[in-house]
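Worksheet: the structure to be examined is printed underneath.
The values are calculated or read from the model by the stated rules, or taken from the named source; none is laboratory data. Bear in mind that the values here come from a model prediction, so they are computed numbers and not experimental data. A quick note on method: Cβ atoms are made from the backbone with ideal geometry, for glycine too, and the neighbour counts reach across all protein chains shown. Just the protein is used for accessible areas: all its heavy atoms, side chains included, with ligands, DNA and RNA removed. Shrake-Rupley method; radii C 1.70, N 1.55, O 1.52, S 1.80 Å.
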Amino acid sequence: MKKLTNSFVTGAVALVFGVLGYQTALLVHYSAVSKIVADRDRPDTVFVYADAGGTDATGGGVGNGDGHSSGNKQQGSKRDGSGYEGGYGGREGRETIKRSNYSGRDARAEHIHRSAPPAKVETFRFNPNTIGVEDMMRLGFSRKQAESIEHYRAKGGRFRRKEDFAKSYTVSDAMYRRLEPYIDIPLLDINKADSAAFDGLPGIGGYFARKMVEHRGRLHGYSYPEQLMDIYHFDQEKFDKLKDLITVGAAEPYPLWSLPADSLRLHPYIGNFQTARSIVFYREHNPREAWTVEGLASAGILIPTQASSLSRCRIE
């Protein structure tokens, strides 16, 4: 057998030690990152507050990372990247400043602290249109992913349905399956929305947004969502694109039985002064218990289509 040269043996030994050193460095780095993330998610902290005169003092509470304290002061709920902040009452004349958490770390530790997702992933109800970066990281997103979603929203992007959130390239199929039961996108109340909110609905531009607000005013508030189709050229196809995104909140009942004729004529389902005067005449010559939409129809004041639409309205 050919004898190994000294240079070969030296190189082999150096290679072995190099591999071992690299693996050791990786282990140390992993341990350091894990410690930084663990300290962030389960910090030992001191609550710092100041009295009215500006004197700093430290409270006796020590955080346990899940939003509770071993101290005796009531805790607030604002969360930032390092834990919780604000909201401690107790002593009169004192005002909470913040919760201090292993300050003085260097730039590399700060980067890890801000960028790494939480070691313990949480699930909670959230609106993808309003949730902040830190809370997205609590859900398991990296900071880069969370900031990408925030950037999309800042550019005017909006998640109208849960499925829209699934289409985001930062949301994996597995992530969406885990979070889907917790996604909470509120429906748009068409009795409270302004024209800008209407404009954000699919298939609705500035023209229809204005008409939706105007029609609501004439109705004295929407009573049911299909009333949108009273608007000229607002057809069934347009309604179907948004009907699962809207709701009809409370509105003041239409005062059919007390308004004068010149106001009644403005209602879309009355529409002219003659019908309005006939309603007033009917009120004046019939007992209160007979004041019904059916009674107006029976008296020939309202045609069937008018009576059908008006009967579905909230009236008083």
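So residue 315 clears everything in (1) over 30 Å from residue 188 (Cβ atoms); (2) modelled with pLDDT under 95 except one condition, right? Which one?
(1)
With the requirement that a residue be under 22 Å from residue 127 (Cβ atoms) and either assigned to a loop (DSSP other than H, G, I, E, B) or free of Cβ contacts under 8 Å to residues at least 12 places away in the same chain (or both), what does the stretch 198-216 give you?
If the condition is that a residue be under 22 Å from residue 127 (Cβ atoms) and either assigned to a loop (DSSP other than H, G, I, E, B) or free of Cβ contacts under 8 Å to residues at least 12 places away in the same chain (or both), then 199, 200, 201, 202, 204 are the ones that fit.
Is it the case that residue 194 is open to solvent by 40 Å² or more (accessible area, probe 1.4 Å) and in contact (Cβ under 8 Å) with a residue 24 or more places away in the chain? Can you show your working first?
Numbers: open to solvent by 40 Å² or more (accessible area, probe 1.4 Å): yes; in contact (Cβ under 8 Å) with a residue 24 or more places away in the chain: no.
Here the answer is no, as residue 194 does not meet what is asked.
Can you name the residue in the stretch 271-285 that is over 20 Å from residue 215 (Cα atoms) and among the β-branched types (Val, Ile, Thr) and, of all such residues, is surrounded by the most Cβ atoms within 10 Å (Cβ to Cβ)? Before you say what the answer is, go through the steps one by one.
Step one: of the stretch 271-285, the residues over 20 Å from residue 215 (Cα atoms) are 274, 277-285.
From what's left, among the β-branched types (Val, Ile, Thr): 279-280.
Values: 279: 22, 280: 15.
The residue in question is 279.
Counting only residues that are free of Cβ contacts under 8 Å to residues at least 40 places away in the same chain and either on the phi > 0 side of the Ramachandran plot or outside any loop (DSSP other than H, G, I, E, B) (or both), how many does the stretch 139-179 have?
Here is the first cut: in the stretch 139-179, the ones free of Cβ contacts under 8 Å to residues at least 40 places away in the same chain are 140-157, 159, 162-177.
Pick out the ones that are also either on the phi > 0 side of the Ramachandran plot or outside any loop (DSSP other than H, G, I, E, B) (or both) and you get 140, 143-154, 156, 162-166, 173-177.
Summing the residues that are free of Cβ contacts under 8 Å to residues at least 40 places away in the same chain and either on the phi > 0 side of the Ramachandran plot or outside any loop (DSSP other than H, G, I, E, B) (or both) in the stretch 139-179 gives 24.
What number goes with the only condition from (1) within 32 Å of the chain's Cα centre (by Cα); (2) exposed (fewer than 13 other Cβ atoms within 10 Å of the Cβ); (3) not in a loop (DSSP other than H, G, I, E, B) that residue 239 does not pass?
(2)
Would you mind telling me which numbered condition in (1) out of contact with any Asp or Glu (no Cβ under 8 Å at 6 or more places or on another chain); (2) open to solvent by less than 70 Å² (accessible area, probe 1.4 Å); (3) without any contact (Cβ under 8 Å) to a residue 24 or more places away in the chain; (4) under 30 Å from residue 199 (Cβ atoms) residue 229 fails?
Of everything listed in (1) out of contact with any Asp or Glu (no Cβ under 8 Å at 6 or more places or on another chain); (2) open to solvent by less than 70 Å² (accessible area, probe 1.4 Å); (3) without any contact (Cβ under 8 Å) to a residue 24 or more places away in the chain; (4) under 30 Å from residue 199 (Cβ atoms), residue 229 misses just condition (1).
Identify all residues within the stretch 286-304 that are part of a helix (DSSP H, G or I) and exposed (fewer than 14 other Cβ atoms within 10 Å of the Cβ); write none if there are none.
Here is the first cut: in the stretch 286-304, the ones part of a helix (DSSP H, G or I) are 288-290, 293-298, 304.
Correct list: 288, 289, 294, 298, 304.
Only one of (1) assigned to a loop (DSSP other than H, G, I, E, B); (2) open to solvent by less than 20 Å² (accessible area, probe 1.4 Å) fails for residue 250. Which number is that?
The single condition residue 250 does not satisfy is (2).
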